[in-house]
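Enquirer: Sharing a structure below in structure tokens format, with a few things to ask.
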Number of protein chains: 2
Amino acid sequence: MIGGDAAGMSAASQARRLRGPDELEIVAFERGHFTSYSACGIPYWVGGDVPERNQLIARTPEEHRERAIDLRMRTEVTGIDVAGARVRSRDLESGAEEWTSYDKLVIATGARPIRPDLPGADAPGVHGVQTLDDGQALLDTLAATEGRRAVVVGAGYIGVEMAEALINRGYEVTVVNRGKEPMSTLDPDMGRLVHTAMEGLGIIMVNDAEVTKLLTGEDGRVRAVATEDAEYPADVVVLGIGVHPETTLAKAAGLPLGDHGGLLTDLAMRVRGHENIWAGGDCVEVLDLVSGRERHIALGTHANKHGQVIGSNVGGGYATFPGVVGTAVSKVCDLEIARTGLREKDAHRAGLQFETVTVESTSRAGYYPNAALMTVKMLAERRTGRLLGVQIVGREGAAKRVDIAAVALTASMTVEQMTALDLGYAPPFSPVWDPVLVAARKAVAAVRRNPA
Amino acid sequence: MIGGDAAGMSAASQARRLRGPDELEIVAFERGHFTSYSACGIPYWVGGDVPERNQLIARTPEEHRERAIDLRMRTEVTGIDVAGARVRSRDLESGAEEWTSYDKLVIATGARPIRPDLPGADAPGVHGVQTLDDGQALLDTLAATEGRRAVVVGAGYIGVEMAEALINRGYEVTVVNRGKEPMSTLDPDMGRLVHTAMEGLGIIMVNDAEVTKLLTGEDGRVRAVATEDAEYPADVVVLGIGVHPETTLAKAAGLPLGDHGGLLTDLAMRVRGHENIWAGGDCVEVLDLVSGRERHIALGTHANKHGQVIGSNVGGGYATFPGVVGTAVSKVCDLEIARTGLREKDAHRAGLQFETVTVESTSRAGYYPNAALMTVKMLAERRTGRLLGVQIVGREGAAKRVDIAAVALTASMTVEQMTALDLGYAPPFSPVWDPVLVAARKAVAAVRRNPA
């Protein structure tokens, strides 16, 4: 196993469940200090909701070793010799190198954050937040810094979650975002709702702005983020501009990569064309079941599923990962954000024609206390009426409603079929027509209006 | 339209949307004082969460009349002459009777609460809670009564919701329940969790107890509820022992009724064997898509869907109601209760063999603040692994997760397919494996262990 986080160690654990140490020797290489941790939890640790770093660690190296997994921490794999069925590794403490041969290889090298190639991007006070070490370094900087001005570069999941974290810590937060609206995983009209809500939280939103450099002070520390038009003073800068699949090793070994730079696998998570090499987690591309295309999605829940599937297959069982529908949820303070399926531009790119509808409804019966507004946007294919995607922005109770659409997408339901879904109804939990059903009804009408 | 509540008036409104007053004359008879109100909201009005009765009314008689619906309030239909295509009605104020002929008839007569045939059941201080008038009468009694002891008879949805309402009003609440555990819509092992939680709320739970009579004082008012074994002092008694389809008129007219006493319809909600009569809402039986049998479920969300379908068909369009999977959600204070699909006894009755699994998980990532415990029980068919049912008991975030299973049931998914569902994941919203997926994984293992 190359990589000791979600995908790799899930695979190791599952394989071990199926095959004891007498049947299967498992060696796992991890170049970092931690195993099996929740990178998705880092913003909540930085923000103070999660007090202790160790709460984010699902399983320690010692716990893995107790399961008879030969886990080699701080050991980096530096090369894969596919023809020789062996990997070269280096102990990062001692510098010692060695070859280890394999019968079966699992690549779970994760993703690496995109670091802008800009002057000042490596200055003290500029932080990524992908690893626990990153999170600790940021917390150390926050503790050591008197100024309270933070700039977050990027307004995707990490960007908005870090904006919340820094607001919670009492910072003045500016988010500088390349896109026209935050959350480019939503259509711009839905991103606009996020934009407005973030401003309502006191976050300064700078959209449609390209960062040109990071300015440093006489002490060498970052002091501002510059765009073509302006400078935004910063005592600390957090970079949240996305990740790339970490496939340097795989590429060097000649393994097949997709358009997004991720490893390509079959449905059993086996690297295409390679009988004895599997890959999963943030380093692979996954099949989008709605568009029929490969995508790269770095998300712990997928990595865990991949690991489970890989471990079953490596352990002599059988399992597949059929693909994703592109579900994602997030929040900024009490604003909930969710999406699944295709955005308008995804649908266009996939060659689909569609209708879109947007409705406002509430999380509970309108008369019930704390009924919270939510906006639901739905895309349905022209003629067939097949559901293509749903986006939801609202308050409490908004985000997880996207699961209804995620299951419906997986089942290739039409919006007309969805209108009959028997969803949980009681006044504290839903209006008599759930907001997703209200959207489905409107989508049915839109599809009917355009029968051509 | 016979009946002016959810099903009847949804049908009327939808038919009017499709056909203007020049094309379609709509006459609706309602024997009560209100139209289109949320009976499901009555417990929250009684409990004080909803301050005003009128908040429960979605549309007043005047609003319906503005849509050119000839709505005759306080007018009871006393007979249906199928051969003559006419109904007899009586004005409850004047006593005047008349015949009205129809081209198309919609029966939406709702349900009537089961009143126990017991001494004292009609005494002052004994209340049902099915209609707005019932709710007002109960509130009047509560206002006029000094004692603070309430007994709720029945521990289904209405029973537990009324227990909450009376707790919220500061009453000492005893629930007397015929079943071994409350919430007989759950399996007893899950009902047991509700039982324990209700006791934790200070509610006295008396299970496995048949009420034999209601004792009255010298003033004729109720003073206690008696079972074979004991007497429970009561200043007020609420009856929540379920409802029957109100099909007296339909039966007298010779229309087809099912085993549960509800009208039988086709998928377009047309009464079987009758080209020009439709029926919907609490007076009909619905097809359970999992067991393949008819059931009676009195629930506003179904009534609204029926009305929508009937209105489309009566208005010259086309729509169907394919059936239900048996989803229901409720709560007692902060305890959330949900179910969908078949219980163990339903599955046995349907001739199905199955595996059951029960898991404990949390609403959010375990390390995230306010992660609430929930118990998820899942039934999967032997050999096929098809999902048969899910029950969930837990705290915040538990109930609406049942929607995932409701959609999966509708799509006839197997538990193995469910393990790959792309559900919304972020630490504030779910563990990396959603509780429903944890249950599905365990169900897969159970099905695999018994391949015979």
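Enquirer: Take the alpha carbon gyration tensor of chain A, find the square roots of its eigenvalues, order them as a ≥ b ≥ c, and report rounded if a/c is under 1.5; if not, report prolate when a/b exceeds b/c, else oblate.
Expert: The shape class here is oblate.
Enquirer: Provide an ascending nm list, one decimal, of label-point separations from A:Glu210 to the equivalent residue in each further copy; define each label point as 7 Å from Cα along Cα→Cβ.
Expert: 8.2
Enquirer: If you take every DSSP beta bridge whose two residues both sit in chain B, what share of them, in percent to the nearest 5, is antiparallel? Can you show the working numbers first?
Expert: Numbers: 56 of 81 bridges.
The answer is about 70 percent antiparallel.
Enquirer: Let me ask another. Looking at the range A:115-239, send over the antiparallel percent of its DSSP beta bridges, to the nearest 5.
Expert: Restricted to the range A:115-239, the bridges split so that about 35 percent are antiparallel.
Enquirer: I'd like the distance separating the alpha-carbon centroids of the range A:1-63 and the range B:230-281, in whole Å.
Expert: 56 Å
Enquirer: Could you sort out which of B:Lys213/B:Lys305; B:Lys345/B:Lys400; A:Lys305/B:Lys180 sit more than 31 Å apart by Cα distance in this structure?
Expert: Exceeds cut-off: B:Lys213/B:Lys305; A:Lys305/B:Lys180.
Enquirer: Out of the GluC sites (Glu not before Pro) in the range B:44-81, which ones are loop residues according to DSSP with at most 15 other C-beta atoms within 10 Å?
Expert: B:Glu52
Enquirer: Taking B:Asp117 in one copy and the same position in all the others, each labelled 7 Å out along Cα→Cβ, what are the pairwise distances from the first, in nm, shortest first?
Expert: So the distances to the same position in the other copies read 8.8 nm.
Enquirer: Just rank A:Val332, A:Val438, B:Val152, fewest to most, by other beta-carbon atoms within 10 angstrom.
Expert: Sorted ascending by nearby Cβ count, the order is A:Val438, A:Val332, B:Val152.
Enquirer: Loop only per DSSP, at most 11 neighbouring Cβ atoms within 10 Å: give me the GluC sites (Glu not before Pro) in the range B:91-125, ordered by residue number.
Expert: When the GluC sites (Glu not before Pro) of the range B:91-125 are filtered for loop state and at most 11 Cβ neighbours within 10 Å, B:Glu93 remain.
Enquirer: Separate question: Could you check what % of the DSSP bridge pairs in the protein assembly as shown are antiparallel, to the nearest 5?
Expert: Percentage antiparallel, nearest 5: 70.
Enquirer: Can I ask one more? If we hang a label 7 Å off Cα along the beta carbon direction at A:Asn370, how far is it from the matching labels on the other copies, in nm, shortest first?
Expert: Here the equivalent label points are 0.7 nm apart from this one.
Enquirer: Sticking with this one: Using the Cα gyration tensor of the protein assembly as shown, with a ≥ b ≥ c the square roots of its eigenvalues, what is the shape: rounded (a/c below 1.5), prolate (a/b larger than b/c) or oblate (neither)?
Expert: Prolate, since a/c reaches 1.5 and a/b exceeds b/c.
Enquirer: Show that you can apply the helix-only estimate: for the protein assembly as shown, add -39,500 (n - 2.57) for every DSSP H stretch of four or more residues, divide by all residues, and state [θ] at 222 nm to the nearest 500.
Expert: -7500 deg cm²/dmol
Quick note: the coordinates plus some simple rules give every number you see, no bench work behind them. Computed from a predicted model, the values in this text were never measured in an experiment. As a convention, Cβ positions derive from the backbone with ideal geometry for all residues, glycine included, and neighbour counts pool all protein chains shown.
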